[in-house]
Amino acid sequence: MNIYQKDILLIKTFKMKTVSLKIDDSIFGETEEILKNLKKPRNRYINEAIEFYNNFQKRKMIDSQLKKESKLVSENSMKVLAEFELLENEN
C-alpha cells in the first residue's frame, strides 16, 4: 500500500454527522465574507470553529475544577501549616 492509498483509506474511514443550523443573518453574512478571503469551504470553517470553541470550553471547565480543588487543598494546607507552627513553637 503506497502513501496515497493510505491517505484515501483514512478519508474513507472518517465519519461525519449531518447537522441543521439556524444562523443569524449577520453572522452568516460575515462568515461568507470571511470565507471568500480564506477560500475555505463553509463546512470546514464551521467544523474548525466548533472544534476551537469546544477546546475553549474544556479549558474553562478544567480551570474551574482546578480553582475548586485548589481552594479545598488550600484550606487543608493552612491547617497543616498551623500545626507545624505549633510544633516549632513548642521546640
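Phi angles across the stretch 52-69 convert, under the Karplus curve 6.51 cos²θ - 1.76 cosθ + 1.60 with θ = phi - 60°, into 3J(HN,Hα) values of 4, 5, 4, 4, 4, 5, 4, 5, 5, 5, 5, 4, 4, 5, 4, 4, 4, 5 Hz, Gly and Pro given as x.
The count of lysine pairs in the stretch 24-90 that are at least 8 places apart or cross chains, and whose C-alpha atoms lie under 17 Å apart, stands at 5. Extending 7 Å from the Cα toward the beta-carbon at both Asn76 and Ser20 defines two label points whose distance is 5.1 nm.
Coordinate-derived values only; no laboratory data. Only a predicted model underlies this, so the values are computations on that prediction, with no experimental measurement involved. Methodologically, a virtual Cβ is constructed for each residue, glycine included, from the backbone with ideal geometry; neighbour enumeration extends over all protein chains shown.
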